[in-house]
Amino acid sequence: MMNFADENTQNVIASFLRELKKCEPLTNEIKAEIKFVTSVLPFIQKNPELWDEKTVYNRQSIGEHLVDQLANFSESMQSDVSDISSYLYRFLCELEFFIGSNKKLSTELQFIKADIDKIHPSKGEDEHSQYLYARLKMPIELVSSMLNTEGIESFRDFNNKIEEAKTLTKSWEAILSEKERKVAELQAALKEYEVGFNFVGLFQGFEELKKTIIIKQRWHFTGLVVVGILALVPLLSELYFLIFSVENPDFSHLVYLPTIIAIEILLIYFFRVILHSYNSVKLQRLQIELRQTLCQFIQSYAEYSSEIKEKDGVVLEKFENLIFSGILTDSNKLPSTYDGLEQIGKLLDRFKSGSP
């Protein structure tokens, strides 16, 4: 399809205008047509993109013919000016038809078109029919061409599409309702998983700490058993000597009695220390297990507490102090080792003061 913006077309137009200047019009009608042609073509040269955009119909139908006649024109072929003039008139009418809403041809083009409208009724039947076609029939064909485009065909089916769209909308609404229900179920399930995954690290940390405390608890229990057995050994030894020396009393072993008593006191003291430490470790284990249990509902607690605290910020204070307090060891109540040794020293001093 011919394009006015093509360099070849522009060269053909420029060459034609130079050739046309050499012509001496044979009649007034040819002179008027030459004036029309030499007036329209410069506008095409100035803004070929506009003419390409607004004159698609004629570019498809007569564009190549126009370029051929412009390229083959010579001074001896002045009669061809009439055909060129009628072609350009068709382009000008199409441009006026598609120029756009609230727009008009420039004043100069309007005058040029008005001048050619005055002379074409006096022409022959064939030439006159071209102008009549451009004025009367071509607009109808332009409209028909527009109405038969794919977009207009789709517009004609608009009502059918509306009914189809309504049916599809109802179907989509049913599908969306079902999808929303499934999404709500998934959301509830994911919320439960969120509670678990959010605090799985905290729970695992407590679990590792509990394992360490269990090991400590076992060692403390073993220590209690060992120290308890050792504490019983001196007493059992004394009972043994008392039972088997009734017939032949032998009090020579009593010289070791202060030492045995001191050892017994030390063993009882260490037994007490280990027992207290064992109870402390047991308390820590119970608190850790309690916190592991509390991790199971902490997400719900966070949501619930935010609502409660808006009304009364003190309601959950004791509850939070219990849950979020540190793990107690009760270390302040453990007996001091040096205090025990001091008591043993005082006891030995009494024995020394009582001896000769």
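Every number here is computed from the coordinates shown, using simple stated rules; none is lab data. The model shown is predicted, which means the values in this text are computed figures rather than measured ones. Here the Cβ is made from the backbone with ideal geometry for all residues, glycine too, and neighbour counts use every protein chain on show.
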Mind giving me the FRET efficiency for Ser74 and Asn28? R0 is 25 Å, r the Cβ-Cβ distance, nearest 0.05 is fine.
-> 0.70
Between Leu232 and Leu209, Cβ-based FRET efficiency (R0 35 Å, step 0.05) works out to 0.50
Given 169-178, 28-37, 209-218, the highest-first ranking by average Cβ count within 10 Å works out to 28-37, 209-218, 169-178
Between Ile261 and Thr222, what is the FRET efficiency for a Förster distance of 35 Å, r being their Cβ-Cβ separation, to the nearest 0.05?
-> 0.85
Of the listed links Lys35/Lys113; Lys22/Lys54; Lys211/Lys282; Lys103/Lys137; Lys113/Lys137; Lys210/Lys282, those spanning more than 20 angstrom between alpha carbons are Lys22/Lys54; Lys103/Lys137
Using modelled amide H (1.01 Å from N, peptide plane; none on Pro or chain starts), what sits under 5 Å from the amide H of Met2, excluding residues fewer than 5 places away?
-> Glu64
May I ask you to evaluate 6.51 cos²θ - 1.76 cosθ + 1.60, the Karplus curve with θ = phi - 60°, for each residue of the range 43-48 and list the ³J(HN,Hα) values in order in whole Hz, giving x for glycine and proline?
-> 5, 5, 5, 6, 9, x
Pull out the extension gain between Thr38 and Arg272, defined as 0.36 nm times the separation in residues minus the alpha carbon to alpha carbon distance; nm, one decimal.
-> 71.8 nm
Once you put a point 7 Å from the Cα of Ala189 and another 7 Å from the Cα of His65, both along the Cβ direction, what distance in nm separates them?
-> 7.3
Calculate one ³J(HN,Hα) per residue across the range 226-233 by plugging θ = phi - 60° into the Karplus curve 6.51 cos²θ - 1.76 cosθ + 1.60, and present them in order as whole Hz with x for glycine and proline.
-> 5, 5, x, 5, 5, 5, 7, 4
